[in-house]
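J.: Can you read through this structure? Questions will come right after.
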Amino acid sequence: MLSFLNIAQVVLYIALLALLGQGALFVLAGAKRDTNFFYKLLQVISKPFTLPVRKLTPRMVSDQHVPFVAFFLLLVLSFIVFVERGYLLCEQLGYTDCRG
């Protein structure tokens, strides 16, 4: 279980960093971001995470806002994985009051 959480944490970190980089290039590149190679690359990396969010969000939500929603959802998931991983490590070390 711990190795699964480690893999999940790495995957979430990669997605979070891709979305963060995409946001930075969104600000820095301006209107020419659609022709920027690195922006396109970060879009490809983050697409498996933004596509399900696009399917779940209502049509009122703009396509430009979907990466923000995906970022915050991934941030929450990353925190949950972080806490559960810490709990499992605490149990493996033999502490009896890990949740307290």
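Coordinate-derived values only; no laboratory data. Predicted model only: the values in this text are computed from it and were never measured. Ideal geometry is used to build each Cβ from the backbone, glycine not excepted, and the neighbour counts take in all protein chains shown.
J.: Expressed as an acute angle from 0 to 90° and rounded to the nearest 10, what is the orientation of the C-alpha long axis of helix 37-56 relative to the principal long axis of the chain?
T.: 70
J.: For Lys32, go through the lysines and keep the ones whose alpha-carbon is under 18 Å away, minus same-chain ones fewer than eight residues off.
T.: The qualifying lysines are Lys40.
J.: Let me ask something else about it. What does the helix-only formula give at 222 nm for the chain: each DSSP H stretch with n ≥ 4 adding -39500 (n - 2.57), the total divided by the residues, and the result rounded to the nearest 500 deg cm²/dmol? Please list the in-between numbers first.
T.: On the way: 3 runs with 75 residues, N = 100.
It lands at -26500 deg cm²/dmol.
J.: While we're here: Given +1 on the Cβ of Lys and Arg, -1 on the Cβ of Asp and Glu, and no further charges, what dipole in debye does segment 2-92 carry about its Cα centre, rounded to the nearest 20?
T.: Numbers: 8 positive and 4 negative charges, 81 e Å.
With Lys and Arg at +1 and Asp and Glu at -1, about 380 debye.
J.: Could you tell me which label, among [x] 111; [y] 122; [z] 102, carries the value of volume of the Cα convex hull per residue in Å³ calculated for this structure?
T.: Answer label, from the structure shown: [y].
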